[in-house]
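Asker: There's a structure below that I have some questions on.
The values are calculated or read from the model by the stated rules, or taken from the named source; none is laboratory data. For clarity, every value in this text was computed on a predicted model and none was experimentally measured. Accessible surface is based on the protein model in full, side chains and every heavy atom, while ligands, DNA and RNA are left aside. Shrake-Rupley method; radii C 1.70, N 1.55, O 1.52, S 1.80 Å.
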Amino acid sequence: MKVSKCMTRDVQLATPTQSIRDAARMMLELDAGALPVQQDDRLVAAGKSPETPIREIMSREVLYCYDDQELKDIARNMGEVKVRRLPVLNRDKRLVGIVSLGDLSQKEDPSLTASAVANISKRGGRHSQATH
């Protein structure tokens, strides 16, 4: 199954000049664990006060996948790089959605999703929550 058949299409975006308070409010309203940050129609890539601009805490390295990739490959990649969600781009590198472990669990083989969760949960790695 292609990512485009599983992803969430209505992606809310933050901008680098918004405050983290605004981002936190948006995330609460959306019940989301992350917000992609965009500037000039492109994605951009952390003790700060709630008024801190997002650009000072956002990830600088943007990890993403393409909408025409296979979910099984994306699930494996998410496990390897230890991320729970990825922005989805078309081949023109324009944001078209976001795919999460929750999306995978609804559309893909449960054993594949379980394997991705197990790998993400292992300690270590650049994107591990334990290292931040």
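Asker: Rounded to whole Hz and in sequence order, give me ³J(HN,Hα) for the range 52-63 from the Karplus expression 6.51 cos²θ - 1.76 cosθ + 1.60, θ = phi - 60°, writing x for Gly and Pro.
Answerer: Taking θ as phi minus 60°, the curve returns 4, x, 3, 4, 7, 10, 5, 5, 7, 8, 9, 9 Hz for the range 52-63.
Asker: Here's another thing I want to ask about it. How long is the range 74-121 along each principal axis, judged by its Cα atoms, biggest number first, in Å?
Answerer: The principal-axis extents, from largest down, are 32, 21, 13 Å.
Asker: Would you mind getting the accessible area per residue of the range 2-125, heavy atoms of the protein chains only, 1.4 Å probe, in Å²?
Answerer: Value for the range 2-125: 59 Å² per residue.
Asker: From largest to smallest, what semi-axes in whole angstrom does the chain give when each is the square root of 5 times an eigenvalue of its alpha carbon gyration tensor?
Answerer: One finds semi-axes of 25, 18, 13 Å for the chain.
Asker: From the helices alone, meaning DSSP H stretches of at least four residues, give me the mean residue ellipticity at 222 nm for the chain, per-run term -39500 (n - 2.57), in deg cm²/dmol to the nearest 500.
Answerer: -9000 deg cm²/dmol
Asker: To continue, here is another question. How large is ³J(HN,Hα) for each residue in the range 78-84, as worked out from phi by the Karplus curve 6.51 cos²θ - 1.76 cosθ + 1.60 (θ = phi - 60°), to whole Hz, x for Gly and Pro?
Answerer: Those phi angles translate into 4, x, 5, 9, 6, 10, 9 Hz.
Asker: Counting only protein heavy atoms, what percent of the accessible surface of the chain is carbon or sulfur at a 1.4 Å probe?
Answerer: 47 percent
Asker: Roughly speaking, what is the stretch gain from Thr17 to Arg42, that is 0.36 nm per residue apart minus the C-alpha to C-alpha distance, in nm to one decimal?
Answerer: 7.5 nm
Asker: For the range 53-92 and the range 101-116, compute the distance between their C-alpha centroids and round to whole Å.
Answerer: A separation of 16 Å, based on Cα centres.
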